[in-house]
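Participant: To start, I am sharing the structure in question, which I have written as structure tokens.
The values are calculated or read from the model by the stated rules, or taken from the named source; none is laboratory data. These numbers were taken from a predicted model, which means no experiment stands behind them. In this analysis, Cβ positions are derived from the backbone assuming ideal geometry, glycine residues included, and neighbour counts consider all displayed protein chains. The area values use the complete protein model at the heavy-atom level, side chains included, leaving out ligands, DNA and RNA. Shrake-Rupley method; radii C 1.70, N 1.55, O 1.52, S 1.80 Å.
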Amino acid sequence: MPLASRSLVRLINSTLRTNTLIGFQLKCSASTQTTDLKEVLRELIPKEQKRVAAFKAEHKDTPIGQVTVDMIYGGMRDINGLVYETSLLDAKEGIRFRGKTIEECQAELPRAKGGEEPLPEGLFWLLATSQIPTQEQVDWVTREWNNRADIPQHVVTMLNNFPAQLHPMSQFSAAITVLNLNSKFAKAYSDSVPKPKYWEYIYEDSMDLIAKLPTIAAIIYRNLYRDGTAVGAIDPKKDWSWNFSTMLGYDNKYFVDLLRLYLTIHSDHEGGNVSAHTSHLVGSALSDPYLSVAAAMNGLAGPLHGLANQEVLIWITKLVEKIGKTPTDEQIKQYVLDTLKTSVVPGFGHAVLRKTDPRYTCQREFALKHLPNDSMFKIVSQLYKVVPPILGDIGRIKNPWPNVDAHSGVLLQFYGMKEMNFYTVLFGVSRALGVLAQMIWSRALGFPLERPKSLSTDGLMALIAAQKKAAADDKPKA
């Protein structure tokens with residue numbers, strides 16, 4: 001990342017930490033008495049609309065950076081081209097959810113009775129409002145999602161008739177797509193609802209979709225791996241993650257807590273990653289949340305995005321097959337060097353981060369507490385010690401540290417979920433929290449259709465040539 005971009009992100013994060021942004025103060029001053037999330041948003045949105053409008057009017061022509069040819073050919077990395085409210089990723093600090101680090105979220109967000117990890121319901125409230133919710137507000141979200149969780153029969157019928165060979169993510173995306181039959185936003189738009197009210201119907205669809213995702217995921221899991229057994233009923237007195245775990249067929253309280261942690265930390269990673277950007281792009285066409293999230297899931301299914309944790313586990317499994325369950329550091333080092341001759345070490349490195357991913361760190365802490373003697377976890381720990389120095393010595397690798405994918409698969413395997421093809425579905429259930437919270441704000445702030453300008457290689461060459469000629473013409477003659 002160019003120095004200017006890194007400095008800009010650090011400045012933004014510093015400002016968020018000290019709560020000096022007017023908008024942050026406005027959001028925190030909103031009423032915290034009501035437990036109705038929609039009413040809290042109804043109070044926050046007009047203030048934010050006014051603030052953004054004033055900012056745009058004052059700074060609409062202010063440049064915020066440069067775009068180089070390398071950036072254009074390099075996947076648009078480091079181009080500041082999106083407004084994404086719910087999270088911000090810093091190369092040195094990792095992700096912040098509305099200014100809060102993962103560690104702060106773990107400490108401040110409400111937990112289930114007897115649980116040790118934050119409830120995803122609370123994280124969604126934070127993403128949507130910038131406020132740390134009360135226990136009562138989180139309980140309200142839980143009840144809302146439990147009440148909205150019923151799956152239409154046509155979706156159940158479709159899921160039950162998919163061929164067993166169809167990948168879980170393909171099934172997941174298809175089910176989300178056909179849920180749009182009942183989209184409240186799509187109906188409201190066809191009825192010519194005024195634009196200022198778009199966000200209200202996006203909110204309703206978002207709450208409905210989040211509520212239904214665990215049941216859809218559980219049906220897919222049981223159809224593929226548990227002989228089509230029934231998922232059972234939602235327990236209205238239990239939280240979102242507990243019900244999800246139970247529907248999957250897991251009743252271990254530590255697995256439930258792991259799921260709470262997993263669904264929280266995978267929820268959002270600013271707006272430039274494939275799934276978040278896809279939902280933002282598709283949503284800008286005023287496609288409803290079901291279509292937008294389905295598109296995001298198709299992006300998440302790619303091996304360079306959501307399938308990465310599966311690839312890590314496959315690589316570690318092959319390591320064990322070759323050098324055993326208790327390898328020495330030297331054996332692991334040689335295995336890593338052999339891997340680097342033909343490919344990369346999965347689970348290490350990140351497009352933005354330049355430190356150990358905080359999402360990796362919190363999963364490591366969970367493992368140290370609950371499964372310190374597990375052989376696979378010990379190998380993960382050895383890799384944490386052995387791999388970064390090797391990658392650092394190579395020189396051409398910008399970030400030798402582990403990312404979130406380096407750990408999650410081993411934790412799931414420990415508790416008995418060994419079906420690696422399903423892991424990305426868990427990721428998708430979580431990622432919906434972030435992209436849908438952002439979609440509510442995208443419509444509330446009236447973000448337009450996303451339409452960047454593209455250039456062909458010939459066009460880019462012609463542009464550079466024209467710039468060089470203009471610079472030469474402007475140069476004073478001797």
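Condition check ((1) touching a Leu at 6+ places or on another chain (Cβ under 8 Å); (2) closer than 24 Å to Leu261 by Cα) across all residues:
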{"site": "Val156", "(1), (2)": "no, no"}
{"site": "Leu166", "(1), (2)": "no, no"}
{"site": "Leu181", "(1), (2)": "no, no"}
{"site": "Lys197", "(1), (2)": "no, no"}
{"site": "Asn223", "(1), (2)": "yes, no"}
{"site": "Pro236", "(1), (2)": "no, yes"}
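Participant: Given the structure, is Pro400 assigned to a loop (DSSP other than H, G, I, E, B) and over 21 Å from Leu304 (Cα atoms)?
Facilitator: Values: assigned to a loop (DSSP other than H, G, I, E, B): yes; over 21 Å from Leu304 (Cα atoms): no.
For Pro400, the condition - assigned to a loop (DSSP other than H, G, I, E, B) and over 21 Å from Leu304 (Cα atoms) - is not met.
Participant: Shifting gears a bit: Can you tell me which condition Phe427 does not meet? The list is (1) modelled with pLDDT of 95 or more; (2) open to solvent by 20 Å² or more (accessible area, probe 1.4 Å), and all the others hold.
Facilitator: Of the numbered conditions (1) modelled with pLDDT of 95 or more; (2) open to solvent by 20 Å² or more (accessible area, probe 1.4 Å), the odd one out for Phe427 is (2).
Participant: Given the options Ser206, Ser183, Ser190, name the one that is among the hydroxyl-bearing types (Ser, Thr, Tyr) and in contact with a Pro (Cβ under 6 Å, 6 or more places away or on another chain). Even if it seems obvious, please write down each step before you answer.
Facilitator: Values: Ser183 fails: in contact with a Pro (Cβ under 6 Å, 6 or more places away or on another chain); Ser190 fails: in contact with a Pro (Cβ under 6 Å, 6 or more places away or on another chain).
Of Ser206, Ser183, Ser190, the one residue that is among the hydroxyl-bearing types (Ser, Thr, Tyr) and in contact with a Pro (Cβ under 6 Å, 6 or more places away or on another chain) is Ser206.
Participant: Looking at the structure I just gave you, is Ser287 modelled with pLDDT of 95 or more, assigned to a helix (DSSP H, G or I), among the small types (Gly, Ala, Ser) and open to solvent by less than 50 Å² (accessible area, probe 1.4 Å)?
Facilitator: On the way: modelled with pLDDT of 95 or more: yes; assigned to a helix (DSSP H, G or I): no; among the small types (Gly, Ala, Ser): yes; open to solvent by less than 50 Å² (accessible area, probe 1.4 Å): yes.
Here the answer is no, as Ser287 does not meet what is asked.
Participant: Could you tell me which residue of segment 172-215 is least open to solvent (accessible area, probe 1.4 Å), considering only residues that are basic (Lys, Arg) and under 20 Å from Gln438 (Cβ atoms)? Talk me through it step by step, then tell me what you get.
Facilitator: Filtering segment 172-215 down to residues basic (Lys, Arg) leaves 184, 187, 195, 197, 212.
Filter once more, keeping what is under 20 Å from Gln438 (Cβ atoms): 184, 195, 197, 212.
Details: Lys184: 84, Lys195: 118, Lys197: 87, Lys212: 26 Å².
Of everything passing the filter in segment 172-215, Lys212 is least open to solvent (accessible area, probe 1.4 Å).
Participant: Looking at segment 416-459 only, could you name the residues that are in contact (Cβ under 8 Å) with a residue 40 or more places away in the chain, assigned to a loop (DSSP other than H, G, I, E, B) and among the small types (Gly, Ala, Ser)? Walk me through how you get there before you give the answer.
Facilitator: Kept after step one, since they are in contact (Cβ under 8 Å) with a residue 40 or more places away in the chain, are these residues of segment 416-459: 416-417, 419-450, 452, 455.
Okay, now just the ones that are also assigned to a loop (DSSP other than H, G, I, E, B), so 416-417, 419, 445-450, 452, 455.
Gly416, Gly446, listed by residue number.
Participant: Checking Ile314 against (1) surrounded by 15 or more Cβ atoms within 10 Å (Cβ to Cβ); (2) more than 14 Å from the chain's Cα centre (by Cα); (3) under 30 Å from Asp257 (Cα atoms), only one condition comes out false. Which one?
Facilitator: It fails just one condition, (1).
Participant: Restricted to segment 58-109, and to residues that are of a type in the set (Ser, Thr, Tyr) and over 20 Å from Val435 (Cα atoms), which residue is surrounded by the most Cβ atoms within 10 Å (Cβ to Cβ)? Give the derivation first.
Facilitator: In the first step, residues of segment 58-109 are kept if they are of a type in the set (Ser, Thr, Tyr); the result is 62, 68, 73, 84, 86-87, 101.
Still in the list and also over 20 Å from Val435 (Cα atoms): 62, 68, 73.
Numbers: Thr62: 7, Thr68: 12, Tyr73: 10.
For segment 58-109, the residue satisfying everything is Thr68.
Participant: Among the residues of segment 244-284, what is the count of those that are closer than 30 Å to Gly75 by Cα, surrounded by fewer than 22 Cβ atoms within 10 Å (Cβ to Cβ) and of a type in the set (Ser, Thr, Tyr)?
Facilitator: Of the residues in that region, 2 qualify.
Participant: Quick one: in segment 140-171, which of the residues that are in contact with a helix residue (DSSP H, G or I) (Cβ under 8 Å, 6 or more places away or on another chain) and part of a loop (DSSP other than H, G, I, E, B) is least open to solvent (accessible area, probe 1.4 Å)? Steps first, please.
Facilitator: As a first pass, look at segment 140-171 and keep what is in contact with a helix residue (DSSP H, G or I) (Cβ under 8 Å, 6 or more places away or on another chain): 140-142, 144-152, 154-156, 158-160, 162, 164, 167-169, 171.
Those still in the list that are part of a loop (DSSP other than H, G, I, E, B) too: 148-152, 162, 164, 167.
Values: Arg148: 39, Ala149: 5, Asp150: 123, Ile151: 32, Pro152: 29, Phe162: 53, Ala164: 77, His167: 57 Å².
Here the residue is Ala149.
Participant: Here's another thing I want to ask about it. Exactly one condition in (1) in contact with an Asp or Glu (Cβ under 9 Å, 6 or more places away or on another chain); (2) closer than 20 Å to Val344 by Cα; (3) of a type outside the set (Ser, Thr, Tyr) is not met by Ile323; state its number.
Facilitator: Just one mismatch for Ile323, condition (1).
Participant: Ok, one more. Just checking, does segment 291-311 include any residue being under 21 Å from Ser190 (Cα atoms) and open to solvent by 20 Å² or more (accessible area, probe 1.4 Å)?
Facilitator: Yes, there is a match, as at least one residue in segment 291-311 is under 21 Å from Ser190 (Cα atoms) and open to solvent by 20 Å² or more (accessible area, probe 1.4 Å).
Participant: If you go through segment 317-337 one residue at a time, do you hit one that is without any contact (Cβ under 8 Å) to a residue 12 or more places away in the chain, surrounded by fewer than 19 Cβ atoms within 10 Å (Cβ to Cβ) and within 27 Å of Leu166 (Cβ to Cβ)? Let's see the steps before the verdict.
Facilitator: Our first condition is that a residue be without any contact (Cβ under 8 Å) to a residue 12 or more places away in the chain; within segment 317-337, this holds for 317-318, 321, 324, 328, 330-331, 334.
If we keep only those that are surrounded by fewer than 19 Cβ atoms within 10 Å (Cβ to Cβ) as well, we get 317-318, 321, 324, 328, 330-331, 334.
From the residues that got through so far, the ones that are within 27 Å of Leu166 (Cβ to Cβ) too are 317-318.
Yes, segment 317-337 contains at least one residue that is without any contact (Cβ under 8 Å) to a residue 12 or more places away in the chain, surrounded by fewer than 19 Cβ atoms within 10 Å (Cβ to Cβ) and within 27 Å of Leu166 (Cβ to Cβ).
Participant: Name the single residue that is surrounded by the fewest Cβ atoms within 10 Å (Cβ to Cβ) among those in segment 387-424 being of a type in the set (Val, Ile, Thr) and within 22 Å of the chain's Cα centre (by Cα). Break it down stepwise before answering.
Facilitator: First, the residues of segment 387-424 that are of a type in the set (Val, Ile, Thr): 387, 390, 394, 397, 404, 410, 424.
Keeping just the survivors that are within 22 Å of the chain's Cα centre (by Cα) gives 404, 410, 424.
Details: Val404: 26, Val410: 22, Thr424: 25.
Of everything passing the filter in segment 387-424, Val410 is surrounded by the fewest Cβ atoms within 10 Å (Cβ to Cβ).
Participant: Sticking with this structure for a sec: Please identify the pairs in which a residue from segment 112-135 that is at positive phi has its Cβ atom under 6 Å from the Cβ atom of a residue that is open to solvent by 10 Å² or more (accessible area, probe 1.4 Å), counting only partners at least 6 apart or on another chain.
Facilitator: Ser130/Lys27; Ser130/Arg98
Participant: Then there is this: For residues that are under 23 Å from the mean Cα position of the chain (by Cα) and open to solvent by 60 Å² or more (accessible area, probe 1.4 Å), tally how many sit in segment 121-138.
Facilitator: 0
Participant: Among the helices (runs of 4 or more DSSP H) confined wholly to segment 182-252, which include 2 or more residues that are touching a Ser or Thr at 6+ places or on another chain (Cβ under 7 Å) and modelled with pLDDT of 95 or more? Please lay out each step first, then the result.
Facilitator: Values: elements: 184-190, 198-225, 240-248.
In segment 182-252, 198-225, 240-248 are the helices (runs of 4 or more DSSP H) which contain 2 or more residues that are touching a Ser or Thr at 6+ places or on another chain (Cβ under 7 Å) and modelled with pLDDT of 95 or more.
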